[in-house]
1. Name every residue in segment 56-69 that is exposed (fewer than 13 other Cβ atoms within 10 Å of the Cβ) and more than 14 Å from residue 139 (Cα to Cα), in order of residue number.
2. Just give me the residues in segment 102-134 being over 18 Å from residue 147 (Cα atoms) and buried (at least 18 other Cβ atoms within 10 Å of the Cβ), in sequence order.
3. Among the candidates 100, 116, single out the residue that is within 11 Å of the chain's Cα centre (by Cα) and assigned to a strand (DSSP E or B).
């Protein structure tokens with residue numbers, strides 16, 4: 001009978017270890033799946049000339065329908081993985097910085113907080129919702145002879 005009791009304790013220990021391992025795997029899997037691959041393009045738009053940066057061809061029609069500029073030049077193209085409430089900071093220009101953080105994610109939409117600072121002063125604080133593979137554009141601050149436009153794309 002002692003053998004049966006010992007065997008039962010071993011089974012209980014193994015069961016508890018399996019439960020613990022399952023919880024651990026679930027926790028790490030949910031952390032990995034909560035990440036969103038994000039692309040931010042920082043674009044300078046102006047009415048000086050009519051050139052469109054070749055790397056912006058995929059969003060040229062969208063730019064033209066939303067903004068009234070004749071020239072679009074890519075300043076930066078950043079790709080990174082965002083995890084919830086872990087902001088990423090990007091320097092758009094010497095005096096202009098962006099802070100982007102993942103606020104939440106569901107199966108079909110990711111929500112981001114976007115902050116723009118000029119010389120350390122916050123000039124924009126907004127939230128953006130993105131569906132997988134879609135691009136959303138935000139008109140930003142004036143820059144040089146034009147304006148900065150931010151193009152956000154997410155993959156998840």
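No value in this document is a laboratory result; all are computed from the given coordinates. Keep in mind the model is a prediction, meaning the values are calculated, not measured. Cβ sites come from the backbone with ideal geometry, for glycine too, and all protein chains shown count toward neighbours.
1. Here is the first cut: in segment 56-69, the ones exposed (fewer than 13 other Cβ atoms within 10 Å of the Cβ) are 57-58, 61, 65, 68.
Result: 57, 58, 61.
2. Our first condition is that a residue be over 18 Å from residue 147 (Cα atoms); within segment 102-134, this holds for 102-113, 120, 127-134.
Of everything in segment 102-134, those that are over 18 Å from residue 147 (Cα atoms) and buried (at least 18 other Cβ atoms within 10 Å of the Cβ) turn out to be 102, 105, 110, 112, 130.
3. Numbers: 116 fails: within 11 Å of the chain's Cα centre (by Cα).
Exactly one of 100, 116 is within 11 Å of the chain's Cα centre (by Cα) and assigned to a strand (DSSP E or B), namely 100.
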